[in-house]
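Below is one structure, written out as structure tokens, with a few remarks after it.
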């Protein structure tokens, strides 16, 4: 069977020659060990290396983008992945380097500058300082009100980014090329407080986002993409980041707009989020909702046995804990993967619960996909 046939079989619930496998994010350091050369494939250090390339000029950045694409393709082929995911990149051009590991974005004399810092030990790159903070609900509400008041009820037509178009042209016979959509509330304190202070305003903003992402799903359909990696983080191991009532009234309608678009087009929609989302699971995985669930968080209680019992038609993706892959033994990983296959049945696409992290051993990676 080909990878497209294998993934289609998972969505149809039909047994196939082997369980399809995928990873939406794969640390460059681990990929480099597998491929035998310095590779750019994913994790936040990819953002740092792209910033460095930008600072070396347009030519260096063009070379980085091409190398990243080729490295990701090589990794997918080496591990026989069935779904092709482009990595999450930070494409914004930085302003200047502050020191070896700190880079400035935006106008340092303006109100939108940010400083990102790279930690060579953990190979992470994250926000260290910013002029705009999201811990003030009044600022969040003011900004959202401007967006909602300015919106004229129309949705701009989307153009799919060139590198995704290229992947569809070059790789669709070999892999299922995944598109994307995003619909989530930033999990900063100011945004979370705004869900209580002005839920109606956030509902209006989510309505705009939902229609915008539906049009983006349509644009991807128009170039041949049938699998949409959608959703967005909204929970922790202890439960939702905000109330189930807010989700039902403000957020769920935006998802329904996306679900309807993908269903109309014959596309398959993947909802992804870490954490415990049982409180809203029927709104996401019930009738006429998403077709698959990714980033399934076993440690948060989202276990395959319970999910399969409640949602027999749902395609389950991932679920092998990242910490087990990072710190467990190959035997433990094989045992867990076997349990996933036995429990989920034919509607399964196997992988990590979220991503392959820096520091994960190559032996553990191979144990997962064997």
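Values in this text are rule-based calculations from the coordinates and carry no lab data. Note that the coordinates shown come from a computational prediction; the quantities given were computed from them, not determined experimentally. Methodologically, a virtual Cβ is constructed for each residue, glycine included, from the backbone with ideal geometry; neighbour enumeration extends over all protein chains shown.
Summary table below
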| read-out | value |
| --- | --- |
| Relative contact order [Cα under 8 Å, 6+ residues apart], segment 99-203, whole percent | 25 percent |
| Value at 222 nm in deg cm²/dmol, rounded to 500, when DSSP H runs of n ≥ 4 in the chain each add -39,500 (n - 2.57) | -13500 deg cm²/dmol |
| The chain - share of DSSP beta bridges that are antiparallel (%, nearest 5) | 45 percent |
| Beta bridge orientation in segment 134-317: antiparallel %, DSSP, nearest 5 | 15 percent |
| Fraction of antiparallel bridges per DSSP, segment 252-370 only, in percent to nearest 5 | 0 percent |
| Over segment 188-255: Rg over Rh, Cα atoms, Kirkwood Rh | 1.05 |
| Rg/Rh (Cα only; Kirkwood hydrodynamic radius) as it applies to the chain | 0.95 |
| Relative packing of peptides 179-186, 96-103, 356-363, 236-243 - highest average C-beta neighbours within 10 Å first | 179-186, 356-363, 236-243, 96-103 |
| Length-normalised contact order for the chain - Cα pairs under 8 Å, 6+ apart - percent | 18 percent |
| Equivalent ellipsoid dimensions for segment 134-317 as semi-axes, Å, which come from the Cα gyration tensor, largest first | 27, 23, 14 |
| Top of 255, 293, 105 by mean-square fluctuation, Gaussian network on the chain, Cα under 10 Å | 105 |
| Most mobile listed residue (152, 276, 138) in the chain, GNM with C-alpha springs under 10 Å | 152 |
| For 289, 136, order by how many other beta-carbon atoms lie within 10 Å, fewest first | 136, 289 |
| Estimated FRET transfer efficiency when R0 is 22 angstrom, pair residue 124-residue 52 (beta carbons, to 0.05) | 0.90 |
| Likely footprinting exposure, 261, 317, 302, fewest C-beta neighbours within 10 Å first | 261, 302, 317 |
| Full-extension gain in nm, residue 197 to residue 299, via 0.36 nm per residue minus C-alpha separation | 33.5 nm |
| Modelled FRET efficiency - R0 22 Å, residue 187 with residue 37, Cβ distances, 0.05 increments | 0.05 |
| Residue 136-residue 78 pseudo-label distance in nm [points 7 Å out on the Cα-to-Cβ vector] | 4.8 nm |
| Residue among 25, 292, 279 with the largest mean-square fluctuation in a Gaussian network model of the chain, springs linking Cα atoms under 10 Å | 279 |
| Rough spin-label spacing in nm, given labels placed 7 Å along Cα→Cβ, for residue 163 and residue 279 | 3.6 nm |
